[in-house]
Amino acid sequence: MSHDDFDFEPVRGLPEILPEGERILWQGGPRWRALACHVFHWRIVSGYFAIVIAWRLWAGWQQDVPLTELATSTLAPLGLALLVIGFLGLVAWAYGKTTVYTVTDRRVVIRSGVAFQVTFNIPFKTIRNAGLKTFGNGTGNITLELDGSAHIAYLHIWPNARPWFLSKVQPLLRHVDQPQAVAKTLSNALKAYHGAEAAASHRARGAVADRALSPLPALEAAE
């Protein structure tokens, strides 16, 4: 597992040219509007300001405040609401623009960050399992459950991490389009990789050729 700041990308989303024999199976990124709603909580913040403004209007109406004064009293919270919501939307757009997820036949690569961009290489050998969660907007999250050899800091990889899993961080491909197709691609790649690893291990031990292999299970439903 490695993560490095990068200044130049020989291949989009990757810190270096892939080794000979490794190939890209899929590349994509998060949908920024989904990030705004589910990560930066656009709707919750908008709802909060709507309640504040509605309460001010109702309280003023109850006290027979003149309409001009009532309208003026809502300008400050309305302006603040537009500023905060606009900022959250801008950050979500920036993350959506700069984040690239790459699945090869040997690893998953997450490139993310706005002010400081970081690339995380997650080899298949460190992935124990994966999970898929879909949303009504057509996007989905793919969670990667890592083994004990993988060490990654939650804040370093956020927002591409499963919420609340702070000690055992689970990288997350957030709000990708066509999530079922992406999950199938990843699942097949993991099975092929771990199947080949198991076969090589069996051959090294002199196992019989027809011994059953134990590839990684298919993607499970995430919480």
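The values are calculated or read from the model by the stated rules, or taken from the named source; none is laboratory data. Bear in mind the structure is a predicted one, so any value in this text is a computation, not a measurement. In this analysis, Cβ positions are derived from the backbone assuming ideal geometry, glycine residues included, and neighbour counts consider all displayed protein chains.
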Checklist entry - Which is polar (S, T, N, Q), out of contact with any Gly (no Cβ under 7 Å at 6 or more places or on another chain) and free of Cβ contacts under 8 Å to residues at least 24 places away in the same chain, of SER149, SER187, SER167? => result SER167
Checklist entry - ILE17: surrounded by fewer than 16 Cβ atoms within 10 Å (Cβ to Cβ), in the same structural domain as ASN188 (by TED's automatic domain parsing) and at pLDDT 90 or above, yes or no? => result no
Checklist entry - Tally time: how many residues in the range 89-111 are touching a Lys or Arg at 6+ places or on another chain (Cβ under 8 Å), under 27 Å from ALA150 (Cβ atoms) and part of a helix (DSSP H, G or I)? => result 2
Item to check | Cβ-Cβ under 7 Å pairs, at least 6 apart or on other chains, the range 51-64 side without any contact (Cβ under 8 Å) to a residue 60 or more places away in the chain, far side not in a helix (DSSP H, G or I) | outcome: ILE53/THR74; ARG56/THR74; LEU57/THR74
Checklist outcome for this item: Within the range 37-88, restricting to residues that are outside any helix (DSSP H, G or I) and polar (S, T, N, Q), the one that is nearest to ARG174 (Cα to Cα) is THR74
Next on the checklist: Go through (1) in the same structural domain as HIS194 (by TED's automatic domain parsing); (2) modelled with pLDDT under 95; (3) under 27 Å from GLY136 (Cβ atoms) for VAL108 and report which single condition fails.
Outcome noted: (2)
